[in-house]
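One structure is given below, encoded as structure tokens.
The values are calculated or read from the model by the stated rules, or taken from the named source; none is laboratory data. These figures come from a predicted structure and were not determined experimentally. Every residue, glycine among them, receives a Cβ derived from its backbone with ideal geometry; neighbour counts consider all protein chains shown.
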Ligand code: UGA
């Protein structure tokens, strides 16, 4: 049992804290947002993540997980302090490190004994050295500390499983002994542990996210070529994926990537490269291809409905991906706004994201279920591939729609089946012009 403090109770911090507590450690999770902490004490979570509520509840009940807004309380007698605060994009795409800086300063001001400060947030290469400098300067009295970078590789929607069964743990430090101690904390996870220097660990995180985003933009480019040449990108991906060097994951063509990670991390890596006078051509193309998907989707629905002006379009799904209520950089936002600007009425249904989405998309009418939404729509667009959309009663939907038009931005239906049912249907990258 180790005493751990986690600064920041967003996705990363809360999952990290709850999982380390579940492994038997004593975890105190801190956030400067008093309302968040008060809510957590009452069992109200700031985010939706499958399984997290039960995990938090169980560990709070056992006394292994507590919450505070006081650094003094969190840092006192703690050997490991994880920094898991947000690093949003700044004006030019650079990562905004103000929350990291204030967490490091507050830890430094309150620490009384030797401590390992572990950075979980995705931070620009070189931030670990910068944090060490901040801590050194902010300490009232010199106390020993070591900085370790431990980038997180959790996916929203499967964060607990990803934490408990990671593909690898990456640790970077200038002090091998400190990295070894953090490695001990991760031993129950039984994953390969890569120990390297600070900057390399920070780079591994950016390079991994950028590579995954590249894989998706690559298959989306292939999808466009498939449409032009009459091939089916879904089957192309299956055929490619059996090659172990390629692998089957992250080859789903469609509306592309969004969320809080890929958009900000690809942009930040490109920014870091440009700052050093390099021209990150692949990263720039990866971003261009991604954001074109949203425009292409609107152009396709325009074509399928012979103009959306005055029509009602229903969106199946709003979250940037299934199993989350996260709306950050979700394709639905751009698509809904473009449709509204083009004169369409937009309605939507999402199993969990409608509360969050409502504030972002005031012009969109939120509906209680897919069937109510479909009533009187001129076309549907699949935006997020929630499981519950995969086996909808499509006959019933066809009867509810003004005209049987479906654009499938996530390729969850089969073109031949949809045509046989009498739908005017288009996916992305599936045979001539997606038909
Ligand atoms: C991503 C990484 O997968 C995690 O390893 C990483 O820890 C995390 O960012 C982070 O940096 O915090 P996440 O953003 O939660 O995780 O979501 P993903 O499951 O990776 O999906 C990202 C986007 O790509 C989604 O919009 C999804 O719809 C899209 N996607 C994914 C595709 O369009 N096609 C695919 O084949 C896979």
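Here residue 327 meets each of (1) within 16 Å of the ligand (Cβ to nearest atom); (2) under 18 Å from the mean Cα position of the chain (by Cα); (3) surrounded by fewer than 23 Cβ atoms within 10 Å (Cβ to Cβ) with one exception, condition (3). Applying the condition of being assigned to a loop (DSSP other than H, G, I, E, B) and within 16 Å of the ligand (Cβ to nearest atom) to the stretch 330-355 and asking which residue is nearest to the chain's Cα centre (by Cα) yields 330. Does the stretch 236-249 include one or more residues that are near the ligand (Cβ under 9 Å from one of its atoms) and either modelled with pLDDT of 95 or more or over 28 Å from residue 313 (Cβ atoms) (or both)? Checked against the condition, which is being near the ligand (Cβ under 9 Å from one of its atoms) and either modelled with pLDDT of 95 or more or over 28 Å from residue 313 (Cβ atoms) (or both), the stretch 236-249 yields at least one hit. Take the stretch 131-150 and flag every residue that is surrounded by fewer than 22 Cβ atoms within 10 Å (Cβ to Cβ) and either under 20 Å from residue 193 (Cβ atoms) or within 16 Å of the ligand (Cβ to nearest atom) (or both). The answer is 146, and nothing else.
If you check 62, 102, 89, 70 for being in contact with a helix residue (DSSP H, G or I) (Cβ under 6 Å, 6 or more places away or on another chain), surrounded by fewer than 22 Cβ atoms within 10 Å (Cβ to Cβ) and more than 20 Å from residue 177 (Cα to Cα), only one passes: 89. Selection of the stretch 288-321 for residues being surrounded by fewer than 19 Cβ atoms within 10 Å (Cβ to Cβ) and in a loop (DSSP other than H, G, I, E, B) yields 306, 307, 309, 310.
For the stretch 1-26, the set of residues classified as at pLDDT 95 or above, within 16 Å of the ligand (Cβ to nearest atom) and assigned to a loop (DSSP other than H, G, I, E, B) consists of 8, 9, listed by residue number.
Given the structure, is residue 303 more than 12 Å from the ligand (Cβ to nearest atom), without any contact (Cβ under 8 Å) to a residue 40 or more places away in the chain and touching a strand residue (DSSP E or B) at 6+ places or on another chain (Cβ under 6 Å)? Quick ask: steps written out before the conclusion?
Numbers: more than 12 Å from the ligand (Cβ to nearest atom): yes; without any contact (Cβ under 8 Å) to a residue 40 or more places away in the chain: yes; touching a strand residue (DSSP E or B) at 6+ places or on another chain (Cβ under 6 Å): no.
So residue 303 fails the test.
For residue 121, the stated conditions do not hold, so it cannot be described as assigned to a helix (DSSP H, G or I) and crowded, with 16+ Cβ neighbours inside 10 Å.
For the stretch 190-204, name all the residues that are touching a helix residue (DSSP H, G or I) at 6+ places or on another chain (Cβ under 6 Å) and not in a strand (DSSP E or B). Give the derivation first.
First, the residues of the stretch 190-204 that are touching a helix residue (DSSP H, G or I) at 6+ places or on another chain (Cβ under 6 Å): 193, 195, 198.
Result: 198, single match.
Among the residues of the stretch 415-433, those identified as more than 16 Å from the ligand (Cβ to nearest atom) and surrounded by 15 or more Cβ atoms within 10 Å (Cβ to Cβ) are 415, 418, 421, 423, 424, 425, 426, 431.
Take the conditions touching a strand residue (DSSP E or B) at 6+ places or on another chain (Cβ under 6 Å), assigned to a helix (DSSP H, G or I) and within 11 Å of the ligand (Cβ to nearest atom) and apply them to residue 264. Does it pass? It is true that residue 264 is touching a strand residue (DSSP E or B) at 6+ places or on another chain (Cβ under 6 Å), assigned to a helix (DSSP H, G or I) and within 11 Å of the ligand (Cβ to nearest atom).
Just checking, does the stretch 234-256 include any residue being assigned to a helix (DSSP H, G or I) and surrounded by 20 or more Cβ atoms within 10 Å (Cβ to Cβ)?
Just the residues of the stretch 234-256 that are assigned to a helix (DSSP H, G or I), to begin with: 234-241.
Okay, now just the ones that are also surrounded by 20 or more Cβ atoms within 10 Å (Cβ to Cβ), so 234, 237.
There is at least one residue in the stretch 234-256 that is assigned to a helix (DSSP H, G or I) and surrounded by 20 or more Cβ atoms within 10 Å (Cβ to Cβ).
Among the residues in the stretch 69-81, are any closer than 30 Å to residue 322 by Cβ and in a helix (DSSP H, G or I)?
Initially, the stretch 69-81 is screened for residues closer than 30 Å to residue 322 by Cβ, giving none.
No, the stretch 69-81 has no match at all.
Looking at this structure, is residue 358 away from the ligand (no atom under 16 Å from the Cβ), outside any loop (DSSP other than H, G, I, E, B) and more than 30 Å from residue 47 (Cβ to Cβ)? No; evaluated as a whole, the condition is false for this residue.
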